[in-house]
Amino acid sequence: MALRYYQREANQAVFDYWSETPGNPLVVAATGTGKSIMQASLTCDLLDGWSDLRVMNTTHVVELVE
């Protein structure tokens, strides 16, 4: 699935943040903007760069797990 421009920009902002400062960036997005897709894409990008990286995603909503 192709990301929309604002989803790509949000994911790039996370990598830009990490390139300048180590830490925990926070992405804020409104309802319906595809936060789950952004998270999945970010996870894929991370695993492409570091194949031995371990990632854990948690949620309290069954629909997101499915």
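The values are calculated or read from the model by the stated rules, or taken from the named source; none is laboratory data. For clarity, every value in this text was computed on a predicted model and none was experimentally measured. Note that each Cβ is placed from the backbone with ideal geometry, even for glycine, and that neighbours are counted across all protein chains shown. The area values use the complete protein model at the heavy-atom level, side chains included, leaving out ligands, DNA and RNA. Shrake-Rupley method; radii C 1.70, N 1.55, O 1.52, S 1.80 Å.
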Query - Full-extension gain in nm, M56 to K35, via 0.36 nm per residue minus C-alpha separation - result: 6.0 nm
Query raised in the report: Given the convex hull of the Cα atoms of the chain, what is a quarter of its surface area in nm²?
Result: 5.3 nm²
Report summary line: For the chain, the per residue accessible area (1.4 Å probe, Å²) is 85 Å²
Query - Label-point separation, D48 to E20 (7 Å along Cα→Cβ), nm - result: 2.3 nm
Report task. Quote the charge dipole size of the range 12-66 about the Cα centre in Debye, to the nearest 20; the model charges only the Cβ of Lys and Arg (+1) and of Asp and Glu (-1). Result -> 140 debye
Report summary line: L46 neighbourhood, Cβ < 12 Å, K/R = +1, D/E = -1, net charge -2
Report summary line: For the chain, the accessible surface attributable to carbon and sulfur atoms (probe 1.4 angstrom, ligands and nucleic acids excluded) amounts in percent to 56 percent
Report summary line: Per-residue ellipticity at 222 nm attributable to helices in the chain (runs of n ≥ 4 DSSP H, -39500 (n - 2.57) apiece, nearest 500 deg cm²/dmol) works out to -16500 deg cm²/dmol
